[in-house]
Amino acid sequence: MVQTDIAQLISECTDWRQILRNYRDEFQENNKLLQGPLHQHLTKNQLQDVEHYHNQLHIQLINIHDLKQTIKTHERKVRMEAAGRENLSDDVYQHHERLLEEFTNLDNTLQELRSHFKRFVSSLNS
């Protein structure tokens, strides 16, 4: 049972980090799109929106990096603690739950930004 818990925690960490990597790659591509030929023939309001999305993507890329590193550190702690004990401490489980909450909140924020960004780009192509 304990090995299953450990394997599950590590698997969740791996999944979260992969999802965050996917967001990172997508948002880096979106940033490139904002810096490309998109600027041609834009109104002042549209240029302000471009700047807004550039800033938001930059901020979220930092958030993605920070959470990814926190998850990686947590995963290392789970592995180290699992190697030295039969049971993980309650602190490890509590930290994992907090990370799940952080991940879920960031995921919701990133999905919202993705949706708004797609609408914005679509409106420029109309």
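A short reminder: the numbers here are calculations on the coordinates, not readings from a lab. Because the structure is predicted, anything quoted here is derived from the model rather than measured. Quick reminder, even Gly has a Cβ in these numbers, built from the backbone with ideal geometry, and neighbours come from all protein chains shown.
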Taking the Cα centre of region 59-115 as the origin and placing charges on Cβ (Lys, Arg +1; Asp, Glu -1), which of 87, 63, 99 is farthest toward the positive end of the dipole? 63
Counting Lys and Arg as +1 and Asp and Glu as -1, each charge on the Cβ, what is the dipole of the chain about the Cα centre in debye, to the nearest 20? 560
Electrostatic dipole magnitude of region 48-116 [Cβ: Lys, Arg +1; Asp, Glu -1; Cα centre; debye, to 20]: 340
Take each of the peptides 83-92, 53-62, average the number of other beta-carbon atoms within 10 Å over its residues, and list them starting from the highest. 53-62, 83-92
Kindly state, as a whole number, the per residue volume in cubic angstrom of the convex hull around the alpha carbon atoms of region 1-74. 66
Quick check on region 51-126: what are the equivalent-ellipsoid semi-axes from the Cα gyration tensor, as sqrt(5λ), descending, whole Å? 37, 11, 8
Helical mean residue ellipticity (222 nm; -39500 (n - 2.57) per DSSP H run of 4+; nearest 500) of the chain: -32500 deg cm²/dmol
